[in-house]
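Written below as structure tokens is the structure these notes are about.
The values are calculated or read from the model by the stated rules, or taken from the named source; none is laboratory data. Nothing here was measured: the structure is a model prediction, and the numbers come from that model. Reconstructed Cβ throughout: ideal geometry from the backbone, glycine too, with neighbour counts over all protein chains shown. The accessibility values were calculated without ligands, DNA or RNA, using every heavy atom of the protein model including side chains. Shrake-Rupley method; radii C 1.70, N 1.55, O 1.52, S 1.80 Å.
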Amino acid sequence: MCALCGFLGIEHWSDTDIVAPAAPVAAADPVARRRGRRQRIAIINQVLGHYALQLDDWQACSYLLSSRTGRTEIVEDPMALWAAAEAMIGRKLDPLAPDLLARLEADSDGA
Amino acid sequence: MEGPGERLPVSVLTGFLGSGKTTLLSRLLRHPGMGETAVIVNEFGEVGLDHRLIARADEDIVLLASGCLCCTVRSDLVTALRDLFLKRVRLQVPEFTRVVIETTGLADPAPILQTLMSDPLLAARYRLDGVITTIDAFVGGATLDRQAEAVKQVAMADRLLVTKRDLAPAPAVAALEERLRRLNPGAPIFAVAQGEIAPALLFDAGLYDPEGKTADVRRWLNEAAYETAPAPGHDHTHGHNHDHDHHHGHGHDQGRGPDVNRHDDRIAAFCLTYSEPLEWDRLARALDLLATQRGEDLLRVKGIVALAGQARPVAVHGVQHLFHPPALLDAWPDEDHRSRLVFITRDLPRAAVAGTLDALLRNDE
């Protein structure tokens with residue numbers, strides 16, 4: 001997120017609650033919000049797992065990105081996540097890489 | 001025409017050098033229906049000629065101070081659009097209800113669209129009406145052969161205008177139009193001679209308006225244009241059956257040399273259709289991953305999707321690295337309530353995009 005967007009409180013497009021858009025943030029069900037946040041993390045971990053990385057919630061406002069070698073980094077929002085992951089693994093993270101796709105399909109088939 | 005809270009439509013007029021952009025614009029600006037139009041042009045190449053030609057038609061001109069409309073100078077575009085809006089509010093310029101940005105022939109239209117989408121203040125005041133691309137009927141084919149920028153201008157268009165058609169032999173025009181249809185199946189093609197075309201065909205003509213107009217979404221998406229036989233080698237063995245409707249760039253141009261059409265070969269246009277409602281979190285993560293990591297080659301993404309837990313359809317629209325916030329539509333435009341996602345990509349094979357989306361859209365929890 002750029003500084004201006006952060007200052008203005010503009011949320012990332014992918015965080016838009018389009019299923020229940022009318023619910024004001026203060027009135028939103030906190031349990032549902034936590035559940036949604038957990039689900040987002042689980043989806044992202046499907047990809048990160050291929051690179052031996054893991055994402056966890058960090059106090060319900062940020063994310064903790066960690067590697068199996070013990071490196072950790074706090075990530076503020078989705079826009080910063082993939083760049084942080086690339087920096088941690090030291091190479092390009094390609095969502096269309098055949099080996100990633102094979103793993104995602106295998107994970108899904110084995111579920 | 002526009003209410004106080006409504007955003008002004010912005011049309012991006014692009015096309016390669018000499019393809020007739022300025023002729024078209026000067027004619028359009030003389031049309032009675034185009035009186036309340038502000039024009040932004042680049043100071044690049046034949047800027048003097050451009051300026052003189054359109055200055056006579058409209059006083060609302062902001063000349064960008066530097067070069068081509070690309071990433072390095074898009075702050076100029078931000079400044080120009082902000083200044084224009086402020087002058088409008090202060091009544092320092094005549095009332096205008098739309099903006100046309102004429103790019104240079106070498107411009108990549110993507111950064112212009114991204115500028116409109118990413119700058120918070122611009123996004124609150126303006127909305128993209130569409131990308132209009134001019135192609136010279138006589139030399140357009142050769143330009144597409146040589147210039148990757150021209151291919152991208154065609155691939156990203158919402159409207160394709162074949163200019164100087166009267167100067168080119170009919171078979172060449174037919175071949176060019178067929179090539180344009182393969183590059184960008186969803187964009188209607190119009191013939192233009194001497195810059196003459198009805199503005200209604202180019203502006204407010206069914207392009208996407210996030211504020212509503214459900215009926216327009218069907219024309220905006222135009223996924224029917226992508227429908228051909230499903231691509232071979234891909235079965236439908238999982239919950240959200242999808243079809244891949246159009247793909248091109250692999251040897252369709254019979255009779256051409258192997259290198260002649262190389263820029264076209266990099267472009268793919270296809271529609272993915274999902275019969276079951278999708279989970280927004282999964283779709284958003286998948287599209288965000290694609291946009292973040294392969295956005296440079298994700299030229300346009302448009303879609304109308306059915307989401308689990310949401311009865312109304314949702315429109316999504318992305319340009320390379322950026323996506324508009326999803327727009328909740330009032331109703332489905334027709335009886336087809338399947339999710340449809342149209343992609344125009346460069347060097348992103350349909351099968352790979354579909355495979356990644358499939359894997360991430362599956363609910364295996």
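General remarks:
- The interface between chain A and chain B buries about 3200 Å² of solvent-accessible area in total (1.4 Å probe, ligands and nucleic acids excluded).
- Complex-versus-alone comparison for region B:333-365, residues with a loss of 40 Å² or more in accessible area, probe 1.4 Å: B:356, B:359, B:360, B:362, B:364, B:365
- Summarising the amide proton neighbourhood of residue B:158: residues at separation of 5 or more, or on other chains, whose placed amide H is nearer than 5 Å comprise B:131, B:132, B:133.
- 1.4 Å probe, heavy atoms, protein only - residues of region B:278-296 losing at least 50 Å² accessible area vs chain alone: B:280, B:281, B:285, B:288, B:289, B:293, B:294
- Integer Hz, Karplus 6.51/-1.76/1.60 couplings in order for region B:307-321, x for Gly and Pro: 10, 4, x, 10, 6, 8, x, 10, 9, 10, 8, x, 10, 6, 7
- Amide proton proximity set for residue A:75, modelled H, under 5 Å, gap of 5+: A:63, A:64, A:65
- Compared with the alpha-carbon gap, the fully stretched path from residue B:224 to residue B:31 is longer by 66.3 nm at 0.36 nm per residue.
- Shielding score for A:91-99, defined as the mean number of other chain Cβ atoms within 10 Å: 5
- Straight-line reach from residue B:164: taking Cα to Cα under 20 Å and skipping same-chain neighbours fewer than 8 places apart, the lysines in range are B:21.
- In region B:115-155, the residues whose accessible area drops by at least 50 square angstrom when the other protein chains are added to the isolated chain are B:120; the probe is 1.4 Å and only protein heavy atoms count.
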